[in-house]
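J.: The structure is given below, and queries will be raised subsequently.
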Amino acid sequence: MNEIVVLSGKGGTGKTVVVGSLSALAKNKVLCDCDVDAANLHLVLQPTVRETHEFWGQKVAVIDREVCTGCGLCLDACRFDAIQEFQVDPLSCEGCGFCLHVCPEQAVTMVDTLAGHWYVSDTRFGPLVHARLGAGQENSGKLVAVVRQKAREIAKDEGSAYILSDGPPGIGCPVISSLSGASLALIVSEPSLSAIHDLERVLAVCRHFGVRALVCINKYDLDEENSRHIEDYCRQAGIDVGAKIPFDTVVSDAITQGVPVVEFGDGMVSRRMEELWSAVAARS
Amino acid sequence: MILAVASGKGGTGKTLVATSLALSLAGQGPVQLLDCDVEEPNAHILLRPTITSSRPVLVPVPRVDEEKCTYCRVCSEACPYKAIAVMGKNVLVFPELCHGCGVCTYVCPEKAISEEGREVGVVEEGRAGEVQFVHGRLAIGEAMAPPVIRAVKQRIDRSSTVIIDVPPGNSCPVVEAVKGSDFCLLVTEPTPFGLHDLALAVELARKLAIPCGVVINRDGSGDQGVEFYCAQQHIPVLLKIPLDRRIAELYCRGQTLVAGMPSWRSAFSDLLQSIQRLAVVER
């Protein structure tokens, strides 16, 4: 079984648009949305939710005002500036429990937080595992791990050839959690200097974790010189460019209609998505 | 005033808006731009600052003195991140899991744990014309952005107008970047993706009790969903930037909107005035 995770470094380069199209093109796969804090893949795949599960995150501290004497030891101990006026801000609290350890009055308790939900759904393209992390919650990496684990179980049970995952932007915790142990990272870039900078960083993360990468240049014709720069860079780094997709408003039209762009039109964008899937399949 | 420029969804134009806002303020008192998207900082590509200082960001991680350690496991039981483990007569520290909270050091009955700084990124400072510039850079392979974001925000100069370029998403790095701001400007695009993530960002701004307003980028594409949502939620739409291939091309080349199309300067000055009014009214 091949686990393909789609990343970009920079946000908004078209990861979900690509995954939506590959979902329609690939056969025998499980779909997975690892962008748990701003998930969008469900807007393309229009899932019917079959199972809903709770995701319990890190505990947070609560101070009992009745017991608290206002001695201030917890304020000094907390390194996350999470305690103001002897109240814990649950969005700043990282759940370390230092306040609980230092409190001489036992006024602090650690409580579980419902940090989000994860779902197993049916789509007309196959099963989808996705999630929704509550606003401002921590542990997106752990929720990604939960979602990936479930996708693997389903893929094993159904004998699927692929797990196709839509990844988060950036290079931090949820990206590392999406990437570790994957068989191929498909990096969706675009010909902006910002995206090139971010591409180099996300490729460095792939190398760091020993995951093979394949690059796709989206909206390549917005700046053909920068696109050539990406191709040169990839050639030197020994990374293939799987496809170059042109800029076309058909993409936002398809998003608006809630369908993969390959089902929306048969123009150049669709043909390049087909090329991209061939390139991915050939490396899986 | 501290103004956070956020979005939920990536690639909607946060950096484009933040950099043009900063430049349009030049000549009207001190202005500071903080790029808190430390995983993928991009504001420097548009502003091209001269960097004058670079400091490592250190997270304190435990170092165990094996001479004093009695392998009692009090530290590993106290650590909620499983960053320290005792296996027989071995203490294992997993620095990349450590949040640097200091609990293990505090609870150790033998005083066998001290802390040492582990570098997880850098903070760089400099100037781009009249804009004082600060950004952070998370090291490759590191998971935790918040310590680097905190280090960037320690450089805030309260006497300036402070503009914060926030990372995408909706989880802890965004909270770290946005909290303490007087206003949160949410940049979105008029598609179902933009709307979905805008609603999450609004939920977060409200949890943090920070007033917010919206910039619609690539206006003219997609649908009316974002505008309907903003009207229904009473969130002001403060600026619309049209879908214009020339704007996208400027961005590709790393040029700011106000530098590449100076006619936009007044729109950004007006945007800032609207924000100043709203931040005062709502606070």
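The values are calculated or read from the model by the stated rules, or taken from the named source; none is laboratory data. Everything numeric in this text was worked out from a predicted model, so none of it was measured. Every residue, glycine among them, receives a Cβ derived from its backbone with ideal geometry; neighbour counts consider all protein chains shown.
J.: Go through A:Ile163, A:Ile171 for me and flag whichever is farther than 26 Å from A:Val261 by Cβ and β-branched (Val, Ile, Thr).
T.: A:Ile171
J.: Hey, could you check the stretch A:53-78 for residues that are facing chain B (nearest Cβ under 8 Å) and part of a loop (DSSP other than H, G, I, E, B) and say which is surrounded by the most Cβ atoms within 10 Å (Cβ to Cβ)?
T.: A:Gln58
J.: Does any residue in the stretch B:115-126 that is in the same structural domain as B:Glu66 (by TED's automatic domain parsing) and more than 11 Å from B:Ser54 (Cβ to Cβ) come within less than 9 Å, Cβ to Cβ, of a residue that is outside any strand (DSSP E or B) and among the polar types (S, T, N, Q) six or more places away or on a different chain, and which pairs are these?
T.: B:Glu115/B:Thr105
J.: Now for a separate question. Which one of these is crowded, with 23+ Cβ neighbours inside 10 Å, of a type in the set (A, V, I, L, M) and either within 8 Å of another protein chain (Cβ to nearest Cβ) or within 19 Å of B:Ala78 (Cβ to Cβ) (or both): A:Ala135, A:Ala107?
T.: After applying the criteria, what remains is A:Ala135.
J.: Can I ask one more? What single numbered condition from (1) of a type outside the set (A, V, I, L, M); (2) without any contact (Cβ under 8 Å) to a residue 40 or more places away in the chain; (3) part of a loop (DSSP other than H, G, I, E, B); (4) crowded, with 18+ Cβ neighbours inside 10 Å fails to hold for A:Asp81?
T.: Going through the list (1) of a type outside the set (A, V, I, L, M); (2) without any contact (Cβ under 8 Å) to a residue 40 or more places away in the chain; (3) part of a loop (DSSP other than H, G, I, E, B); (4) crowded, with 18+ Cβ neighbours inside 10 Å, A:Asp81 breaks only (4).
J.: Of the residues B:Gly136, B:Gly126, B:Gly121, which is within 20 Å of B:Val17 (Cβ to Cβ) and in contact with a strand residue (DSSP E or B) (Cβ under 6 Å, 6 or more places away or on another chain)?
T.: It is B:Gly136.
J.: Now for a different question. Does the stretch A:20-38 include one or more residues that are within 12 Å of another protein chain (Cβ to nearest Cβ), modelled with pLDDT under 95, part of a loop (DSSP other than H, G, I, E, B) and touching a His at 6+ places or on another chain (Cβ under 9 Å)?
T.: yes
J.: When A:Ser270 is evaluated against the numbered criteria (1) under 14 Å from A:Val19 (Cβ atoms); (2) out of contact with any Gly (no Cβ under 8 Å at 6 or more places or on another chain), which criterion, by number, is the only one it fails?
T.: All conditions are met except number (1).
J.: So, in the stretch A:184-208, exactly how many residues are closer than 11 Å to A:Leu7 by Cβ and of a type outside the set (Asp, Glu)?
T.: 12
J.: State whether the residues of the stretch A:161-171 include one that is touching a residue at least 40 places away in the same chain (Cβ under 8 Å), away from chain B (no Cβ under 14 Å), farther than 21 Å from A:Gly14 by Cα and part of a helix (DSSP H, G or I).
T.: Taking every residue of the stretch A:161-171 in turn, none turns out to be touching a residue at least 40 places away in the same chain (Cβ under 8 Å), away from chain B (no Cβ under 14 Å), farther than 21 Å from A:Gly14 by Cα and part of a helix (DSSP H, G or I).
J.: Only residues that are over 26 Å from the mean Cα position of the chain (by Cα) and either part of a strand (DSSP E or B) or under 21 Å from B:Pro192 (Cα atoms) (or both): list them for the stretch B:246-273, please.
T.: Across the stretch B:246-273, there are no qualifying residues.
J.: To continue, here is another question. Which residue is farthest from the other protein chains (Cβ to nearest Cβ), if the candidates are limited to the stretch B:175-209 and must be in contact with a helix residue (DSSP H, G or I) (Cβ under 7 Å, 6 or more places away or on another chain) and of a type in the set (S, T, N, Q)?
T.: Among them, the one singled out is B:Thr188.
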